[in-house]
1. Output the residue which, of all residues in the range 126-135 that are free of Cβ contacts under 8 Å to residues at least 60 places away in the same chain and touching a strand residue (DSSP E or B) at 6+ places or on another chain (Cβ under 6 Å), is surrounded by the fewest Cβ atoms within 10 Å (Cβ to Cβ).
2. Please pick out the residue among 67, 18 that is at pLDDT below 85 and either more than 20 Å from the chain's Cα centre (by Cα) or over 27 Å from residue 131 (Cα atoms) (or both).
3. Kindly indicate whether residue 56 is surrounded by fewer than 24 Cβ atoms within 10 Å (Cβ to Cβ), touching a residue at least 24 places away in the same chain (Cβ under 8 Å) and of a type in the set (Asp, Glu).
4. List the number of the failed condition for residue 195; all other conditions in (1) within 18 Å of the chain's Cα centre (by Cα); (2) of a type outside the set (Lys, Arg); (3) crowded, with 19+ Cβ neighbours inside 10 Å; (4) modelled with pLDDT of 80 or more hold.
5. Within the range 37-63, how many residues turn out to be under 13 Å from residue 142 (Cα atoms) and among the polar types (S, T, N, Q)?
6. In the range 158-176, is there at least one residue being modelled with pLDDT of 80 or more and not hydrophobic (A, V, I, L, M, F, W, C)?
7. With respect to residue 147, determine if the residue is over 18 Å from the mean Cα position of the chain (by Cα), of a type in the set (A, V, I, L, M, F, W, C) and surrounded by 15 or more Cβ atoms within 10 Å (Cβ to Cβ).
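The values are calculated or read from the model by the stated rules, or taken from the named source; none is laboratory data. Remember, it's a predicted structure, so these values are computed and weren't measured experimentally. Quick reminder, even Gly has a Cβ in these numbers, built from the backbone with ideal geometry, and neighbours come from all protein chains shown.
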Amino acid sequence: MIDIKAGSHPHEDLLSDVSGVLASVDELSDYLTRVVNAVRTHVTGCDEVGVTLLVDGRASTAAYTTVTTLEIDAVQYQLDQGPCLEAARERTEVVATIGADGDADERWPLFAEAVRQDGMRSLMALPLLSGAQCVGALNLYGTVPHAFDAFEASLARVAAARAADAIVAVTELDGARRLAGQLEQAMANRAVIEQAKGVLMALRGIDEHAAFDWLRTSSQARNVKVKVLAEQVVAGVTGRAEATATEADTATG
């Protein structure tokens, strides 16, 4: 069991949000998702956050705040250029701005053009360093130019250090390649759950939290995993989804 501890620090609110005890890869996936959400909450000017995992030179996203983050990270991997790759490969913090008064367009022209279409103007990436190891990068994106100053960087640095320690600790238990595959599967599971929540929100006129509560309680009543029920809901979006929901309601009633 791995304990990621909080401590006495000026940034203790963020530290509190990114502290926890980890015992498995599944818990690491949840933990990294908590980290990116905490960074978005506490770092002013930050609209999207992702964690890039780098294993044997191959980059993949291990956690993200929204699908927009996932898409921005994917553009970097496809083009083999961008702040998160530079931060991870060079083991250096990267801060850049997209636009006439910034340097991102010159450093990564293809990436900057693609991200501009998503409305992003500020970029910051921090290497995930734990001892001598660099396991990836923490990626922050903002829609306002020059959003990330020294104070915001210091906040992100706290989260990056905790995330790096957690990844290295679990990697030592499971192995880097296996960890990468398991985190990718966890992200795929999250994606189908997000899709199912969207279907339920549209069908039932409920909010995101109520949709997840429905998935959780219904999966318990049916004795199936949330992911399995989510797949059933998504598969039935053309007509079977409402039948699935009604059936599960009967089971929970």
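1. Per the criteria, the residue is 127.
2. Working: 18 fails: either more than 20 Å from the chain's Cα centre (by Cα) or over 27 Å from residue 131 (Cα atoms) (or both).
Going through 67, 18 in turn, just one is at pLDDT below 85 and either more than 20 Å from the chain's Cα centre (by Cα) or over 27 Å from residue 131 (Cα atoms) (or both): 67.
3. On the way: surrounded by fewer than 24 Cβ atoms within 10 Å (Cβ to Cβ): yes; touching a residue at least 24 places away in the same chain (Cβ under 8 Å): yes; of a type in the set (Asp, Glu): yes.
When the stated conditions are applied, residue 56 passes them.
4. It fails just one condition, (3).
5. Of the residues in the range 37-63, 2 are under 13 Å from residue 142 (Cα atoms) and among the polar types (S, T, N, Q).
6. So far as the range 158-176 goes, yes, one or more of its residues are modelled with pLDDT of 80 or more and not hydrophobic (A, V, I, L, M, F, W, C).
7. On the way: over 18 Å from the mean Cα position of the chain (by Cα): yes; of a type in the set (A, V, I, L, M, F, W, C): yes; surrounded by 15 or more Cβ atoms within 10 Å (Cβ to Cβ): yes.
In short, yes.
A quick yes/no check of all residues on (1) modelled with pLDDT of 80 or more; (2) assigned to a helix (DSSP H, G or I); (3) over 22 Å from residue 95 (Cα atoms); (4) within 14 Å of the chain's Cα centre (by Cα):
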{"residue": "27", "(1), (2), (3), (4)": "no, yes, yes, yes"}
{"residue": "39", "(1), (2), (3), (4)": "yes, yes, no, yes"}
{"residue": "46", "(1), (2), (3), (4)": "yes, no, no, yes"}
{"residue": "51", "(1), (2), (3), (4)": "yes, no, no, yes"}
